[in-house]
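Everything below concerns the one structure shown next.
The values are calculated or read from the model by the stated rules, or taken from the named source; none is laboratory data. Keep in mind the model is a prediction, meaning the values are calculated, not measured. Note: ideal-geometry Cβ built from the backbone for every residue, glycine included; neighbour counts use all protein chains shown. The accessibility values were calculated without ligands, DNA or RNA, using every heavy atom of the protein model including side chains. Shrake-Rupley method; radii C 1.70, N 1.55, O 1.52, S 1.80 Å.
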Amino acid sequence: MKLLKLVPDNTNVKFLRWRLPFYIISLILMAASWGAVLTNGLNLGVDFVGGQMIRATFVESTEAPVAELRDDIAGLGYGAPIIQRFGQPNEVSIRMRLPEGKDAVQVKDLADQMTNAIVGEMEANYPGVRIDGVDSVSGKVSSELFETGMLALLAAMIAIAIYIWVRFEWQFGVGALFALVHDVTLTLGLFALTQMEFDLNIVAAILAIIGYSLNDTIVVYDRVRENLKKYRKMPMEELLDLSVNETLPRTIMTSMTTLMVLLALMFLGPATTFGFAAAIAFGIFVGTYSSIYMAAPILIWLKVNSNSFVPQESATDRQEKIARGEI
Amino acid sequence: MLDFPRWKRIWLWGLTLAGVFLALPSLTMLAGERWPSQLPDPEINLGLDLAGGSHILLEADTAQVRSLRLEAMEEEVRRALRDADPSIAIGDISTANGRLSFMVEDESQVDAAREVLLPMTEGVGLTGQRDWTINVVDGQRFIFEPTEVGLNQAVENAMDTATDVVRRRIDELGTREPTIIRQGDDRIVVQVPGLDDPQALKALLGQTAKLEFKLVDQTALPTDIAQGIVPPGSQILPFAPDASQQGAIAVRRLGGIQGDQLTNAQQGYDQNGTPVVNITFNQEGGRKFAALTTANVGKPFAIILDGEVLSAPNINEPILGGSAQISGGFSVDSANALAISLRSGALPIDLQIVEERTVGPDLGADSIRKGVLALMIGGAAVLAFMFATYGRFGLYANAAIFLNVLIILGIMALLGTTLTLPGIAGFVLTIGTAVDANVLINERIREERRRGRRVVQAVEVGYREAQRAIIDANVTNVIAGVLLFLFGSGPIRGFAIVLIIGIVTSVFTAVTMTRMWVAGYLRKHRPSDLNI
């Protein structure tokens, strides 16, 4: 049987030759992402800002009447709703801000009344509408969810960088962390730009991206470490190119297989996982790119060389080296 | 490396088959079939996003515990002093600023009072720490201050009781398999699968159901009450919105009885056919109620529910039978809800809904169907692709993936964890990383063959060299997974559980199992070349 080969044998692409322009492009993209986050803001779901969210399916039509629905609900006097398509064209999510009230109990009562009014209005005006779910999150809980979500992201990134530092060398830890910051930033930028809803599921998606991107980075770094021991005299740029090329078949194969499942989940899976799967699919592109163009070149600039993995010198040697300013 | 003695093979297959067997009941459930009930059935729990149902997060008002404890202490101090020595008179009682302070009027009795009160401050626990500190200032003024330990213990007890009460109330609703868990210091999570209209549930949880009988203070003038002027020793309480009287009424703060010593509460009708709640006291409650009504014949007393007066009837004659009827403008539903609440006991603390999520059962079923379909189609594409790329070695990898998914399901069923929608996405990612392990190994074997290594050696080097990167990658993923689980909530945790279990099992299936199969192939066929 003739087997499939995605990358021909002995492929040798000079990836690292273009490292400077790609770095500049990436830095610009990162700045643009922050710009988008700051100007557009993230379209935070009720998980993070509190409020009421009603999900509904218009069973009998192919497309949800978003504009009419917006007018109808705004006409109820509870303020303007944020209505978004959600998965299929006939599925929508309707978000409302929590009404003002003197205390939390009253706010909850008013919010319930509001939800009942909206659901009543929809059921009266749109036959064949199915209410799929109602989420109601208080301001207190939402700010907690936001804080713990961000904390989880930060803690994961730092813990991972420390692990890589311990397993490899500090330069690799810095490189991996930088690649992660790059991936997370661009993903946030995507969400700011497209205004897809950013909720707890997306935080989980970003953590999955971190895991995947890191997986990629580690595979490249592992090969770099191996080659550094094997080819002591090879210039760093050439060695990085060799390592990236050697791991290229694996990189492409793994990205392809994971993307296959994600695409299936995006287009065949339930509406609630669309944003989640889209985020991870995007993250896989960015993560693969960052392992090659962000994580690898940084090793040159941080002056990794074949001495980095020479069997460890004794403590006194090390202190002498520190005294001579070599470390 | 490629040496697998018989005992090792038996072990590996045993573990794998155990995992697969544990997964079978869950698989049949996901496919919408019934698992024969006579077989053991460790099934995974489906999260509410898949099964449909209501999720409600309740938060307790812990500040309330502080004030309730002060009130209870005040009553206790009075009782203890009265029982010990009725000549000790106290006055100028205040419960402001989170502490109880009062004067002993005769300075010579301060020591005697202290003797009586000191034992009341000891904690229930064995730590010897006190629940309260007592200080005597200015010679006559006692100050009771709750200690941090005592207060925390009280909150803890109140939360435990509240959780029990919530559970009893939901059981009364007769819904299927509710989950009620305490979360953190002051929260309770309630999850009721299959319940898509939580109104009745919310009404039930929102009611504290603290029933009290207090004497009406007849000395208070209606004009004073209207202006909010409180006679000493009394308090002003509003009538409930549905009560037959409107406005407010003054009742004696002390000397009433609590309606918590009940054996039963049922919705019923009075002689006019109006819905009422009939309550039956237990022996002690009945005795207290008899004493109260005997001593106050001809006077009105207030029936108070959660700080609102339901009614204030006259005591026409002593009520000795241990049962009573509560009226208060009820509908059949509200009388029924109150009866349930009273039967299940009062909440020791007010609970408030801070998060509520409801998923319709249609959406849930739809999500499972689509999620499983996506997983099957995506998975099939991956399997085909792996086979086309690595041939025989791809088949080994595919078998490993297949077993991996089953073993993850089995372990989840064994641990009783919950499968959520993000959990299904976790499966997707796990498949991705499990495939990656085999891709790493197979690519490495290809590479080593290209460099001219002989078959067995290439396979050995491939597994050895790839393993390092696989371990590093998986450890970092476990780190991310554990942090997700620790910090995350709800959907994030569901994802983290699958991720963590999946990482462990995928190393087992993708590395160990495939190596065993490859070793078997090499030993049996001794190929001189590999089609990889």
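Against the test of being on the phi < 0 side of the Ramachandran plot, open to solvent by 20 Å² or more (accessible area, probe 1.4 Å) and within 8 Å of chain B (Cβ to nearest Cβ), the options A:242, A:268, A:262 yield a single qualifying residue, A:268.
Within the stretch A:42-64, the set of residues being in a helix (DSSP H, G or I) and over 19 Å from residue A:87 (Cβ atoms) comprises A:48, A:49.
Entry remark, the stretch B:79-92: residues being surrounded by 15 or more Cβ atoms within 10 Å (Cβ to Cβ) and either small (Gly, Ala, Ser) or touching a residue at least 60 places away in the same chain (Cβ under 8 Å) (or both) number 1 in total. The residues in the stretch A:266-276 that are in contact (Cβ under 8 Å) with a residue 60 or more places away in the chain and either of a type in the set (Lys, Arg) or assigned to a helix (DSSP H, G or I) (or both) can be counted, and the count is 6. If the condition is being at the interface with chain A (Cβ under 7 Å from one of its Cβ atoms) and of a type in the set (D, E, K, R), then the stretch B:349-399 contributes B:355, B:356, B:357, B:362, B:366, B:370. Within the stretch A:147-206, the set of residues being over 21 Å from residue A:282 (Cβ atoms), in contact with a Gly (Cβ under 8 Å, 6 or more places away or on another chain) and of a type in the set (Gly, Ala, Ser) comprises just one member, A:161. Of all residues in the stretch B:93-115, those satisfying the criterion of being buried (at least 17 other Cβ atoms within 10 Å of the Cβ) and either on the phi > 0 side of the Ramachandran plot or not aliphatic (A, V, I, L, M) (or both) are B:95, B:99, B:101, B:102, B:109. Residues considered: B:415, B:429, B:419, B:440. Of these, the only one that is away from every other protein chain (no Cβ under 12 Å), crowded, with 23+ Cβ neighbours inside 10 Å, of a type in the set (A, V, I, L, M) and more than 25 Å from residue B:526 (Cβ to Cβ) is B:419. Taken over the stretch A:212-227, the criterion of being more than 14 Å from residue A:242 (Cβ to Cβ) and more than 8 Å from chain B (Cβ to nearest Cβ) is satisfied by A:213, A:216, A:217. Cβ-Cβ under 9 Å, sequence separation 6+ or interchain: first residue in the stretch B:508-532 and in contact (Cβ under 8 Å) with a residue 24 or more places away in the chain and closer than 20 Å to residue B:450 by Cα, partner among the charged types (D, E, K, R) and surrounded by 19 or more Cβ atoms within 10 Å (Cβ to Cβ). Which pairs? Pairs found: B:529/B:449; B:530/B:446; B:530/B:449; B:532/B:446; B:532/B:449. Please go through the stretch A:274-286 and give me each residue that is open to solvent by 10 Å² or more (accessible area, probe 1.4 Å) and at the interface with chain B (Cβ under 8 Å from one of its Cβ atoms), ordered by number. Within the stretch A:274-286, none qualify. Give the stretch B:351-369 a look and list any residue that's open to solvent by 40 Å² or more (accessible area, probe 1.4 Å) and assigned to a helix (DSSP H, G or I), or say none. Passing the criteria: B:361, B:362, B:365, B:369. With respect to the numbered conditions (1) touching a strand residue (DSSP E or B) at 6+ places or on another chain (Cβ under 7 Å); (2) within 23 Å of residue B:346 (Cβ to Cβ), which one is the sole condition not fulfilled by residue B:231? Checking residue B:231 against (1) touching a strand residue (DSSP E or B) at 6+ places or on another chain (Cβ under 7 Å); (2) within 23 Å of residue B:346 (Cβ to Cβ), the one that fails is (2). What are the residues in the stretch A:1-41 that are open to solvent by 50 Å² or more (accessible area, probe 1.4 Å) and outside any helix (DSSP H, G or I), if any? Answer for the stretch A:1-41, where residues must be open to solvent by 50 Å² or more (accessible area, probe 1.4 Å) and outside any helix (DSSP H, G or I): A:1, A:2, A:4, A:5, A:6, A:8, A:9, A:10, A:12, A:13, A:14, A:40.
Just checking, how many residues over the stretch A:65-109 are assigned to a strand (DSSP E or B) and open to solvent by 70 Å² or more (accessible area, probe 1.4 Å)?
Initial filter on the stretch A:65-109 (assigned to a strand (DSSP E or B)): A:82-86, A:88-96.
If we keep only those that are open to solvent by 70 Å² or more (accessible area, probe 1.4 Å) as well, we get A:82, A:85, A:88.
The number of residues fulfilling the criteria is 3.
Flag: residue B:4 matches the condition of being at pLDDT 80 or above and part of a loop (DSSP other than H, G, I, E, B).
The set of residues in the stretch B:44-58 being open to solvent by 20 Å² or more (accessible area, probe 1.4 Å) and modelled with pLDDT of 85 or more consists of B:55 alone. Can we say residue B:498 is open to solvent by 10 Å² or more (accessible area, probe 1.4 Å), within 14 Å of chain A (Cβ to nearest Cβ) and under 18 Å from residue B:405 (Cα atoms)? Judged against the criteria, residue B:498 is not a match.
If I ask for residues that are in a helix (DSSP H, G or I) and open to solvent by 10 Å² or more (accessible area, probe 1.4 Å), which ones from the stretch A:223-232 would you list?
Result: A:223, A:225, A:226, A:229, A:230.
Scanning the stretch A:175-211 for residues that are more than 18 Å from residue A:302 (Cβ to Cβ), open to solvent by 10 Å² or more (accessible area, probe 1.4 Å) and within 14 Å of another protein chain (Cβ to nearest Cβ) turns up A:184, A:197, A:199, A:201. Kindly indicate whether any position in the stretch B:511-529 is more than 7 Å from chain A (Cβ to nearest Cβ), under 27 Å from residue A:177 (Cα atoms) and open to solvent by less than 10 Å² (accessible area, probe 1.4 Å). No: the stretch B:511-529 contains no residue that is more than 7 Å from chain A (Cβ to nearest Cβ), under 27 Å from residue A:177 (Cα atoms) and open to solvent by less than 10 Å² (accessible area, probe 1.4 Å).
Going through B:182, B:167 one at a time, which residue ends up being surrounded by fewer than 20 Cβ atoms within 10 Å (Cβ to Cβ), in contact with a strand residue (DSSP E or B) (Cβ under 7 Å, 6 or more places away or on another chain) and closer than 30 Å to residue B:281 by Cβ?
B:167
In the set (1) at the interface with chain A (Cβ under 9 Å from one of its Cβ atoms); (2) open to solvent by 50 Å² or more (accessible area, probe 1.4 Å); (3) not acidic (Asp, Glu), the condition left unmet by residue B:483 is number (2). Scanning the stretch A:245-259 for residues that are surrounded by fewer than 24 Cβ atoms within 10 Å (Cβ to Cβ), more than 15 Å from residue B:435 (Cβ to Cβ) and either touching a Gly at 6+ places or on another chain (Cβ under 6 Å) or without any contact (Cβ under 8 Å) to a residue 40 or more places away in the chain (or both) yields one hit, A:246. Test residue A:292 against the stated conditions and say whether it is away from chain B (no Cβ under 11 Å), in contact (Cβ under 8 Å) with a residue 40 or more places away in the chain, within 19 Å of the chain's Cα centre (by Cα) and part of a helix (DSSP H, G or I). Criteria met by residue A:292. Do we have residue B:476 as touching a helix residue (DSSP H, G or I) at 6+ places or on another chain (Cβ under 7 Å) and open to solvent by 30 Å² or more (accessible area, probe 1.4 Å) here? Judged against the criteria, residue B:476 is not a match.
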